[in-house]
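S.K.: Okay, here's the structure, questions in a sec.
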Amino acid sequence: MSNEELDLLRNDLDQVNLELLALINKRAKLVQDIGRVKQQQGMNRFDPVRERSMLDSIIQNNDGPFETSTVQHIFKEIFKASLELQEDDHRKALLVSRKKKPEDTVVTVNGESIGDGNPHFIVGPCAVESYDQVAQVAKAAKDEGLNLLRGGAFKPRTSPYDFQGLGLEGLKILKRVADEYNLAVISEIVNPADIPTAVDYIDVIQIGARNMQNFELLKAAGQVDKPVLLKRGMSATISEFINAAEYIISQGNENIILCERGIRTYEKATRNTLDISAVPILKQETHLPVMVDVTHSTGRRDLLLPAAKAALAIGADGVMAEVHPDPAVALSDSAQQMDIDMFKHFINELK
Ligand code: PEP
Ligand code: MN
């Protein structure tokens, strides 16, 4: 074959490529029109019966040289791409994603702008046990210049016979202490029905690891005008975690703080395994602030400070840690809470 002949064939091929391109896009426009009609009529976009009949017709008319399986594969890809074209934008880019919103979301609570590039701290007891217990931690936190206090009033415990928290009475204690010390309070809510009452007492709704996929709770938290601190489920993948946050934002509430709190692995040396790489992944994939709970991830007092340093070094927007005036007598998580002296050392190493 002469070079001239080769050039002619190549020219033909280039021409066919352009024709194919024009035809594929012509098909895409038709698919978009069909999508609009289907949407108006409330019909499902994916129609496997219609797809099967289109494929059958294509296969019947295939005279080669491509084999049936090859033709089927090529058209399946075209169908798939067309279906994606019909899907709503949010199916392609989640509302929590950086693709959707490149700028960082900053959640401001009591003067703390979480996500502004500076480290922020949330400390407090695992559970609210009494006014005095919470007030002692609040005083220590305030003395160190902190503004955010945590404390569980509804405790989702592994055993139904363990201390379940003081409930509404616990929220009232938190509110009283918060007002006295000018702190904002973060507390876990486990039941969607408690949210309307809880918002009068707390500043941030915490959704705990055990409830990360409690979709009704996520939706209810998405419908109120309060920031939400969402913890990663103990066996949740990063994608499941991001989708849990999407449940909240899809209801209109954008003030979400993600919190990595360790995941369950085969390792027994720590209570959970702190998935430190989740922090930069979440920061890259979403625009939401990311905090690290060093208490529940390690379950070990001796690891709180190094884990907190690691969290901040890798780009976390803040750290959560449990502090109790007398951890030895705490009604929950006795082994992992810091006492006040240890907290002071901890915070001064990080500030
Ligand atoms: C908590 O922070 O009080 C708590 C129960 O944590 P987690 O949901 O991460 O276990
Ligand atoms: Mn705890």
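The values are calculated or read from the model by the stated rules, or taken from the named source; none is laboratory data. Source: prediction; values computed, not measured. Every residue, glycine as well, gets a Cβ built from its backbone with ideal geometry; the counts of neighbours run over all protein chains shown. Side chains included, ligands, DNA and RNA excluded: accessible areas come from the protein's heavy atoms. Shrake-Rupley method; radii C 1.70, N 1.55, O 1.52, S 1.80 Å.
S.K.: Provide the per-residue ³J(HN,Hα) series for segment 189-195, in order, calculated from phi with Karplus coefficients 6.51, -1.76, 1.60 and θ = phi - 60°, each as a whole number of Hz, with x at glycine and proline positions.
M.R.: 10, 10, 10, x, 5, 7, 4
S.K.: Find the Rg to Rh ratio for segment 158-243, where Rh is the Kirkwood radius over alpha-carbon pairs and Rg uses the same atoms.
M.R.: Taking Rg over the Kirkwood Rh, I get 0.99.
S.K.: Find out how many positive minus negative residues lie around residue 253, taking Lys and Arg as positive, Asp and Glu as negative, among other residues whose Cβ is under 11 Å from that of residue 253.
M.R.: 0
S.K.: Checking the a/c ratio against 1.5 first, then a/b against b/c, what shape does the Cα gyration tensor give for segment 253-351?
M.R.: prolate
S.K.: Taking amide H positions as placed 1.01 Å from N in the peptide plane, with prolines and chain starts having none, which residues 5 or more places from residue 275, or on another chain, fall under 5 Å of its amide H?
M.R.: Excluding prolines and chain starts, which carry no amide H, the hits are 262, 263.
S.K.: May I ask for the equivalent-ellipsoid semi-axes of segment 31-75, computed as the square root of five times each C-alpha gyration tensor eigenvalue and listed largest first in whole Å?
M.R.: Semi-axis lengths for segment 31-75 are 28, 9, 8 Å.
S.K.: Taking the solvent-accessible surface of protein heavy atoms with a 1.4 Å probe, what is the per residue accessible area of the chain in Å²?
M.R.: Averaged over the residues of the chain, the accessible area is 51 Å².
S.K.: What are the residues whose amide H is under 5 Å from the amide H of residue 150, where those residues sit 5 or more places off or on another chain and H is modelled from the backbone?
M.R.: 123, 124, 186
S.K.: Based on the Cβ-Cβ distance from residue 269 to residue 46, what FRET efficiency comes out when R0 is 51 Å, to the nearest 0.05?
M.R.: Here the calculated transfer efficiency is 0.60.
S.K.: Nearest 0.05, what FRET efficiency do residue 58 and residue 93 give at R0 = 41 Å with Cβ-Cβ as r?
M.R.: E(calc), rounded to 0.05, equals 0.80.
S.K.: Got a sec to turn the phi values of segment 121-129 into Karplus ³J(HN,Hα) couplings, 6.51 cos²θ - 1.76 cosθ + 1.60 with θ = phi - 60°, whole Hz, x for Gly and Pro?
M.R.: 10, 10, 10, x, x, 4, 10, 6, 10
S.K.: Semi-axes, largest first, in whole Å: what does sqrt of 5 times each Cα gyration tensor eigenvalue give for the chain?
M.R.: The equivalent ellipsoid of the chain has semi-axes of 54, 22, 18 Å.
S.K.: Right, next: With a 1.4 Å probe and all protein chains left in place, how much of the accessible area of the chain comes from carbon and sulfur atoms, in whole percent?
M.R.: In the chain, the share of accessible area belonging to carbon and sulfur is 52 percent.
S.K.: List the lysines whose Cα lies under 24 Å from the Cα of residue 172, skipping any in the same chain that are fewer than 8 positions away.
M.R.: The qualifying lysines are 139, 142, 155, 226, 231.
S.K.: For segment 152-292, what is the percent of antiparallel DSSP beta bridges, rounded to the nearest 5?
M.R.: Expressed as a percentage, antiparallel bridges in segment 152-292 total about 5.
S.K.: Have a look at the DSSP beta bridges in the chain and tell me what percent are antiparallel, nearest 5.
M.R.: Percentage antiparallel, nearest 5: 15.
S.K.: Here's a follow-up. Against the empirical 2.2 N^0.38 Å scaling, what ratio does the C-alpha Rg of segment 6-56 come to?
M.R.: Output field value: 1.68.
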